[in-house]
Amino acid sequence: MSDKSVAAVPEAVEEPFRTRFLQSVRQPENWGEWLEIAGKSATFIEKVGLLHGAFDIELGRGEWDPDKEAYKQYTSEERLEVFFDIADGWRETETFRTKGVRRDYEPKYYTGYDRDGFRTTRTESEQRQLLARKAFDMLCSKLFSMKEWRERGDRENLENRRLHSVVSGRLFPIVQRFFRVEKGQFFSSGFEVRNLSQHDDWRSNSEKQAVDFLLKLAKFLWEESRTSKEERDEAMCASIEAAKPWMLEVLNFLGELRFLEDKVLKFDEQSLAKLREIALRSQLKGHRHPVTKDRPVSGLDEACYVGSEAAWLFKRHELMVRLDGRLREIQSIEWQEEELERKKAEKKAELART
């Protein structure tokens with residue numbers, strides 16, 4: 001039999017890469033699928049893409065829960081909590097160090113070329129830190145930034161609604177933990193705020209958005225305290241009062257305690273105790289002050305002398321309370337005198353009519 005009599009078998013044609021790459025372009029069905037995909041991702045470029053697109057998917061719902069007889073409902077707070085967890089420590093290289101591997105032996109990955117044409121690499125810890133930084137930037141864009149409301153109607157009311165939702169929900173303790181006060185080596189008081197640079201000129205645009213958010217939050221906490229307890233949820237009221245010492249520490253770190261100068265009359269004993277504690281951490285320095293050697297201040301007066309904002313705010317409170325009480329007494333006397341004069345005038349008019 002000749003070869004020509006055998007039917008020719010067509011060769012398999014490989015599907016072009018472009019077709020395979022563009023064929024499936026769907027979004028994750030819900031937040032649960034995003035978590036599943038993210039948990040299985042292995043490369044840096046995959047993880048960056050997942051972080052970047054995480055807020056562009058519908059939260060949706062998960063599996064049926066027979067105990068609750070309802071579907072699992074994913075929430076925006078759950079998504080933000082994941083980002084807080086990934087971003088925590090984004091400024092600290094040591095946080096992301098590969099465990100059990102010496103710094104000099106960490107795996108390094110090719111990342112391109114610099115402007116001078118030299119090959120560039122990053123270590124595993126640097127890759128992890130960049131992912132944490134990306135998560136922080138996304139947090140700032142999606143939660144801390146309120147710039148999208150600047151051109152809209154009642155901006156202040158909209159911002160208060162955002163802050164109210166944060167303070168009254170599950171995110172508030174997470175925010176406090178993320179910006180927790182820690183012992184530090186560089187800040188003069190010995191305390192730093194985690195996930196924030198010390199100086200304003202060191203801060204990225206994202207950090208400045210976070211600082212702006214914290215300042216608005218501080219104002220909200222003290223203004224919300226003026227609202228009668230009947231108008232507030234008891235749990236929220238307790239949460240606000242418990243958060244004030246933390247916020248004073250944050251404002252002190254930021255050098256923004258003066259932000260509360262117009263609210264000193266509303267300071268409670270807990271807030272005053274925290275101000276005193278902060279003030280008494282101040283130091284007299286031999287190279288700056290008339291002392292023979294460095295030492296802690298001995299009281300609020302010395303703390304004021306070295307320029308402690310906390311000490312001056314405490315003193316301002318004392319002065320304002322004293323003057324407020326005195327002026328109220330004078331006002332009460334004046335009101336009594338006015339009332340007496342009014343009654344005399346009424347009696348005189350009555351006698352004139354008779």
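The figures follow:
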{"item": "Which of 166, 291, 13, 250 has the fewest Cβ neighbours within 10 Å, and the rest in rising order", "result": "13, 291, 166, 250"}
{"item": "Virtual spin-label span in nm between residue 159 and residue 322, 7 Å along Cα→Cβ", "result": "3.5"}
{"item": "Net length gained if the chain between residue 337 and residue 118 were fully extended (0.36 nm per residue, minus Cα distance)", "result": "70.2 nm"}
{"item": "Cβ-based exposure ranking for 301, 67, in which fewest neighbours within 10 Å come first", "result": "67, 301"}
{"item": "Angle between the chain longest axis and helix 124-139 axis [Cα atoms, degrees, rounded to 10]", "result": "50"}
{"item": "Stokes-Einstein diffusion coefficient of the stretch 250-304, Kirkwood radius over Cα pairs, 4 °C, 1.567 mPa s, in µm²/s", "result": "103"}
{"item": "Evaluated over the chain, the Cα radius of gyration and Dmax, each in Å", "result": "31.0, 147"}
{"item": "Between 0 and 90°, nearest 10: helix 155-168 axis offset from the chain longest Cα axis", "result": "80"}
{"item": "Value of relative contact order over the stretch 39-79, rounded to a whole percent, pairs C-alpha under 8 Å and six or more apart", "result": "26"}
{"item": "Helix 309-353 axis, angle to the chain major axis (alpha carbon atoms, nearest 10°)", "result": "50"}
{"item": "Sites residue 329 and residue 265, calculated FRET efficiency, Cβ-Cβ separation with R0 22 Å, nearest 0.05", "result": "0.90"}
{"item": "Linear extension gain, residue 91 paired with residue 58, 0.36 nm per residue minus alpha-carbon span", "result": "8.8 nm"}
{"item": "Rounded to the nearest 20 debye, dipole of the stretch 211-354 from Cβ charges on Lys, Arg, Asp, Glu", "result": "500"}
{"item": "Distance in nm between pseudo-label sites at residue 23 and residue 103 (7 Å out along the Cβ direction from Cα)", "result": "4.8"}
{"item": "Percentage relative contact order, the stretch 1-134, counting C-alpha pairs under 8 Å, at least six apart", "result": "19"}
{"item": "Length released on extending from residue 46 to residue 33, taking residue separation times 0.36 nm less the Cα-Cα span", "result": "3.2 nm"}
{"item": "Helical mean residue ellipticity (222 nm; -39500 (n - 2.57) per DSSP H run of 4+; nearest 500) of the chain", "result": "-16500 deg cm²/dmol"}
{"item": "Intensity falloff of the stretch 28-144 expressed as log10 I(q)/I(0), Debye formula with alpha-carbon point scatterers, at q = 0.09, 0.13, 0.14 Å⁻¹", "result": "-0.33, -0.63, -0.70"}
{"item": "Taking only Cα atoms of the stretch 240-354, radius of gyration then Dmax in Å", "result": "23.3, 85"}
{"item": "Straight-distance crosslink candidates among lysines, where the alpha carbon sits under 18 Å from residue 293 and sequence neighbours closer than 8 are dropped", "result": "285"}
{"item": "Reachable lysines, given that their alpha-carbon falls under 23 Å from the alpha-carbon of residue 134 and they are not under 8 places away in the same chain", "result": "40, 47, 99, 108, 142, 147, 208"}
{"item": "Charged-residue dipole, Cβ positions (Lys, Arg, Asp, Glu), the chain about Cα centre, Debye nearest 20", "result": "1000"}
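Rule-based calculations on the coordinates, nothing more; no lab input. All figures in this text were calculated on a predicted structure; none of them were measured in a lab. Because the Cβ atoms are built from the backbone with ideal geometry, glycine has one as well, and the counts that use them run over all protein chains shown.
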